[in-house]
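Structure record follows, encoded as structure tokens.
The values are calculated or read from the model by the stated rules, or taken from the named source; none is laboratory data. Note that the coordinates shown come from a computational prediction; the quantities given were computed from them, not determined experimentally. Neighbour counts are summed over all protein chains in view; Cβ atoms, including those assigned to glycine, are modelled from backbone coordinates with ideal geometry. Note: areas computed on protein heavy atoms with side chains; ligands, DNA, RNA excluded. Shrake-Rupley method; radii C 1.70, N 1.55, O 1.52, S 1.80 Å.
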Number of protein chains: 2
Amino acid sequence: MARYRVGLETRERILAATRRLLSEVGIEGVTLKAITNQARVGAGSFYNLFDSKDDAVFEVVREAIEAVDPDPAGVGSDSLADLVDAFVAFMTGSSPIARIYLQLAGRGLTDPAIAARVLRSHRRRVERFADAWQREEPQIPPEEAERRAELMLAALTGLGMTALMDPSFDMRRHAVELLPASATAAR
Amino acid sequence: MARYRVGLETRERILAATRRLLSEVGIEGVTLKAITNQARVGAGSFYNLFDSKDDAVFEVVREAIEAVDPDPAGVGSDSLADLVDAFVAFMTGSSPIARIYLQLAGRGLTDPAIAARVLRSHRRRVERFADAWQREEPQIPPEEAERRAELMLAALTGLGMTALMDPSFDMRRHAVELLPASATAAR
DNA sequence: TACATATTGGAGTGTACACTCAATTTCTGC
DNA sequence: GCAGAAATTGAGTGTACACTCCAATATGTA
């Protein structure tokens, strides 16, 4: 299972193809044939490196869930504006991963296993936003900070969906309105 | 083509089954066999009444897109609190349709035809919310009202996704925070 | 009641799909 | 450069699917 250099390279080609296809045709739309064509690889090679189609798909899916959150170094110190900025950048950036992530959320509505993963990463994110609120406005009680964080993320997710469906939508302009007046003034 | 009473009844049974299945297993998960089993109908009967599986599915999908909006009689007079309330009721109600609608939005990320439909209904909704803002706070400029409406709907959509994935999530508690202080006080 | 037409079930058809397999080539450590 | 293991190919396999067809039956009309 990928001990030689060529094997590892092929693995990467396959994952790159899968990533691309997931964002273009969706989780249910990817076929093995499409992946192997795009990666220029025979079916046998694919199965030499992955146990199943879903094996490759889930690898990309995990990657997408991780990628929503900006670099973990910032945890405990990033400002609200930073977090919002990073989220907007993620959604409007050129990477196919944002599209995959939002599709996943939709898929979570019928697949409990996916819902669990999405929710787990969502809660982590709410924590991080709530911490930033606390830091920015220390006088508000923790539950209030958490509620604001939940609302903020819900709005960002909703804006992200619109942005990815409508290329002319200016997500950033709307997103900055979510920041408290103090943070906006500081920009 | 359903000219006799029994045909119309069968049609309804098929649509009910499709509705149920769409919310449970998702658009890609519905199979003709599942629909015909659930509706207690042979494949031949199905095709006597619908041109294709997608024909039935799209009928339910259209219905789901319509159903997001509360009764059109209110247009031009409903308050923000009413609108938020109706949206929350739609999302947290027992109807399978909310789940179908949100799945659709996810699907819109890869299917331009669906994206167009979803966006169209989204814009109508933003209008309606913006009007309500105007009525509630006449001093704010129209663009500002529209921006607030857009944010509010984004947040409601995001909260709806969380609510449908996590049954223990209290959507209403979060949603009311979206209302301006004046509206909240009025409750 | 008799007729035309709608409705029904379900075996049968074609197709697209994920996955297997075995023969062949390529790789890498020694 | 040789041996053993990994990598590669693509034709072949089984299956699940949407959809067809038609003989049998039910429905509505006059």
Collect the residues in the range A:4-30 that are under 20 Å from the mean Cα position of the chain (by Cα) and basic (Lys, Arg), keeping them in residue-number order. A:Arg19, A:Arg20
Qualifying position, being open to solvent by less than 50 Å² (accessible area, probe 1.4 Å) and either outside the structural domain of B:Ile114 (by TED's automatic domain parsing) or farther than 27 Å from B:Asp131 by Cα (or both), among B:Thr31, B:Thr36: B:Thr36
When you go through (1) in a helix (DSSP H, G or I); (2) open to solvent by less than 70 Å² (accessible area, probe 1.4 Å); (3) not assigned by TED's automatic domain parsing to the domain that holds A:Glu127 one by one for A:Glu9, which number turns out not to apply? (2)
Could you check how many residues of the range A:23-52 are assigned to a helix (DSSP H, G or I) and away from DNA strand C (no atom under 12 Å from the Cβ)? 4
Give the range B:128-187 a look and list any residue that's of a type in the set (Gly, Ala, Ser) and either more than 10 Å from chain A (Cβ to nearest Cβ) or open to solvent by 70 Å² or more (accessible area, probe 1.4 Å) (or both), or say none. B:Ala130, B:Ala132, B:Ala145, B:Ala149, B:Ser168, B:Ala181, B:Ser182, B:Ala183, B:Ala185, B:Ala186
Report yes if some residue within the range A:65-76 is more than 9 Å from DNA strand C (Cβ to nearest atom) and within 14 Å of chain B (Cβ to nearest Cβ); otherwise report no. yes
Selection count, the range A:43-61, where residues are open to solvent by less than 40 Å² (accessible area, probe 1.4 Å) and within 12 Å of DNA strand D (Cβ to nearest atom): 3
